[in-house]
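Visitor: This is the structure, below, for whatever I ask next.
The values are calculated or read from the model by the stated rules, or taken from the named source; none is laboratory data. A quick note: this is a predicted structure, and the numbers were derived from the prediction, not measured. Backbone-built Cβ (ideal geometry, glycine too); neighbour counts: all protein chains shown. We work out accessible area using only protein heavy atoms, side chains counted, and drop any ligands, DNA or RNA first. Shrake-Rupley method; radii C 1.70, N 1.55, O 1.52, S 1.80 Å.
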Amino acid sequence: MVDEITKRVSLVELFYDLVFVYMVSRATEMIHHLHHGIVGLPVLGIFAIVVIVFINSWMVQMVFTNRYGKLSGTNVIFSFVDMAILLYMSNSFSATFDWHLATFFMAAGLLSLTLCIQYVLVYFQSEKKIDKQITRAFAGILIFRTVTLFIGGIFYQSRVGVGIAFAGIIISWIAPGFTGKYTKHHPIIFSHLLERVTALIIVMFGETIVGIADYFTATNFSVQSILIFTTVAALFFTYIVEFDHLINEHQRHETGNLMIYLHYFILFGLSLITVAMKFIDDTEADPRFAVTCMYFGFALFYIGLGIANYYNKVKVNKTVVSIFIVSTIAGFGISWFYSAFTLVVIIMTAVTLINAVTLTRFRIKYVD
């Protein structure tokens, strides 16, 4: 049997992705709020949990569609139901996550249950042993998350209940990475996976653009505004050089797990960069915290790109990697000690431009 290596992204999938524009905005609001000039670790932890629930649900749905999705009435209905649940989940917590966890846990559990039902249906429809193994594995992961989330929703006032829900989220997030012994026998359609995850990152960049829009008002517009936009553009250009030019989209026999998990680095990195763009000019923010937030976001973003090197047509050499590391660390060091707004903006623009140009030159020399 010849492996299927292409699959068209349907309009229903793109419509489904729209809900994540709102989800990203709502989730990122959680880390926009400062307390004594910083965002506390508990808030960052809750933010990470919320994003993991949302994005992991998206990833599981995407992988299901990649392998088994067909434009049938049943799948379309499931997509619309999941969108409604996701919208409700997006409004089930406040910007500061005021510990009204029951609604969030119950809605997240319901979303996991609908995803589980989709896998169960395919399990009974499949004739191949490997597809039964794959669907059984994912259905098991999802029913586990459903149960733990429902427990958290019912016993949300108990630390034990909340702990069970959080443990269920983390375990079910990691567990798909151990399904390779099954999924390698029914490989992912890599080009479809690549198109979907890049579309998700574009959504994230859209949120970043919205985040810097305040620098482009009549009262706030300045040279720094142009530099901030240049920074975002340089990051985006670096991303598309890697994922649109260097990467080999015609991969065969891939589970897609690495591609999925590396994008969590990029997603969390962009979220931190988005909020840091506001913090660097916020008088209430601790300047060094803002700088740390920004460069930790850069580091996560570049780590994700570095891991993607595994899929490249030509592997990025040590010179490129060294330039990325040295420029980012140097930029952080200078900005940490001299954290004035203008200098921070100049340095971060220089760092992202140096890295973007470095990767582009590598592409021109070794790929084009």
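Visitor: Considering only protein heavy atoms and a probe of 1.4 Å, how much of the accessible area of the chain is carbon and sulfur, as a whole percent?
Guide: Details: 11460 of 16760 Å².
The computed percentage sits at 68.
Visitor: Note the angle between two axes, namely the Cα long axis of helix 41-68 and the longest principal axis of the Cα atoms of the chain, as a number of degrees from 0 to 90, rounded to the nearest 10.
Guide: 50 degrees
Visitor: Rounded to the nearest 0.05, what FRET efficiency do Val357 and Asp214 have when you use their Cβ-Cβ distance and R0 = 30 Å? Present the calculation step by step, with values, prior to reporting the outcome.
Guide: Values: r = 28 Å, r/R0 = 0.93.
Between Val357 and Asp214 the formula returns 0.60.
Visitor: Taking amide H atoms as placed 1.01 Å from N in the peptide plane, list the residues 5 or more away in sequence, or in a different chain, whose amide H sits under 5 Å from that of Asn312.
Guide: Asn248
Visitor: Provide the per-residue ³J(HN,Hα) series for the stretch 295-301, in order, calculated from phi with Karplus coefficients 6.51, -1.76, 1.60 and θ = phi - 60°, each as a whole number of Hz, with x at glycine and proline positions.
Guide: Coupling constants for the stretch 295-301: 7, 5, x, 4, 4, 4, 4 Hz.
Visitor: Among Ala27, Ala290, Ala213, determine the one that fluctuates most according to a GNM of the chain built with springs between C-alpha atoms less than 10 Å apart.
Guide: Of Ala27, Ala290, Ala213, the Gaussian network model singles out Ala213 as fluctuating most.
Visitor: Another question, if that's okay. Which FRET efficiency value, to the nearest 0.05, do you get for Ile170 and Gln125 by plugging their Cβ-Cβ distance into 1/(1 + (r/R0)^6) with R0 = 35 Å? It would help to have the intermediate numbers written out before the result.
Guide: Details: r = 31 Å, r/R0 = 0.89.
Plugging the Cβ-Cβ distance into 1/(1 + (r/R0)^6) gives 0.65.
Visitor: In whole angstrom, how long is each semi-axis of the equivalent ellipsoid of the stretch 104-226, when you take the square root of 5 times every eigenvalue of its Cα gyration tensor and sort them from largest down? Present the calculation step by step, with values, prior to reporting the outcome.
Guide: Working: eigenvalues 273, 120, 26 Å².
Equivalent ellipsoid semi-axes, largest first: 37, 25, 11 Å.
Visitor: Taking H placed 1.01 Å from N in the peptide plane, check which residues at least 5 places from Ile38 or on another chain put their amide H under 5 Å from its amide H.
Guide: When sequence neighbours closer than 5 places are left aside, the close amide H contacts are Asp286.
Visitor: Please work out the average accessible area per residue across the stretch 101-255, using the 1.4 Å probe convention, and give it in Å².
Guide: Values: 7050 Å² over 155 residues.
Here the residues of the stretch 101-255 average 46 Å² of exposed surface.
Visitor: For the chain, what relative contact order do you get, as a whole percent, if you take Cα pairs closer than 8 Å and at least 6 residues apart? If you can, show how the numbers build up before the last one.
Guide: On the way: 456 pairs, mean separation 65.1, N = 368.
Reported relative contact order: 18 percent.
Visitor: Could you derive backbone 3J(HN,Hα) for the stretch 333-341 from the dihedral phi with the Karplus parameters 6.51, -1.76 and 1.60 (θ = phi - 60°), listing whole Hz in sequence and x where the residue is Gly or Pro?
Guide: Here the 3J(HN,Hα) series is x, 5, 5, 5, 7, 10, 9, 5, 3 Hz.
Visitor: Next question, about the same structure. Measuring from the lowest to the highest alpha carbon on each principal axis, how far does the stretch 168-226 reach, largest first, in angstroms?
Guide: 58, 30, 13
Visitor: Moving to a separate point now. Could you work out the relative contact order of the stretch 24-181, using alpha carbon pairs under 8 angstrom and six or more residues apart, expressed as a whole percent? Present the calculation step by step, with values, prior to reporting the outcome.
Guide: Numbers: 167 pairs, mean separation 34.5, N = 158.
It rounds to 22 percent for the stretch 24-181.
Visitor: With every protein chain left in place, what is the accessible area per residue of the stretch 282-368 in square angstrom, probe 1.4 Å?
Guide: On the way: 4480 Å² over 87 residues.
Accessible surface, normalised per residue, equals 52 Å².
Visitor: Still on this model: How big is the chain by the Kirkwood estimate over distinct Cα pairs, in Å? Show your work: numbers first, answer last.
Guide: Details: mean 1/r = 0.0462 Å⁻¹.
Value: 21.7 Å, from the Cα pair sum.
Visitor: When a/c is below 1.5 the answer is rounded, else prolate if a/b is larger than b/c, else oblate, so apply that to the stretch 173-299 with a ≥ b ≥ c taken from the square roots of the Cα gyration tensor eigenvalues. Display every interim value, and only then the final one.
Guide: Numbers: a/c = 3.43, a/b = 2.14, b/c = 1.60.
The shape class here is prolate.
Visitor: Let me ask something else. Using unit Cβ charges (K, R positive; D, E negative) and no other charged atoms, how large, in debye to the nearest 20, is the dipole of the chain about its Cα centre?
Guide: 1200 debye
Visitor: Between Thr198 and His32, take the C-beta separation as r, use R0 = 22 Å, and let me know the FRET efficiency to the nearest 0.05.
Guide: Values: r = 26 Å, r/R0 = 1.17.
E(calc), rounded to 0.05, equals 0.30.
Visitor: Here's something else I'd like to know. Take peptides 297-305, 226-234 and line them up by average Cβ neighbours within 10 Å, highest first, as a rough protection proxy.
Guide: Details: 297-305: 21.6, 226-234: 18.6.
Descending mean neighbour count gives 297-305, 226-234.
Visitor: So, one more: How large is ³J(HN,Hα), in whole Hz, for each residue of the stretch 149-158 in order, when computed from phi with the Karplus curve 6.51 cos²θ - 1.76 cosθ + 1.60 and θ = phi - 60°, using x for Gly and Pro?
Guide: These are the phi-based 3J(HN,Hα) values: 5, 5, 4, x, x, 6, 10, 5, 7, 9 Hz.
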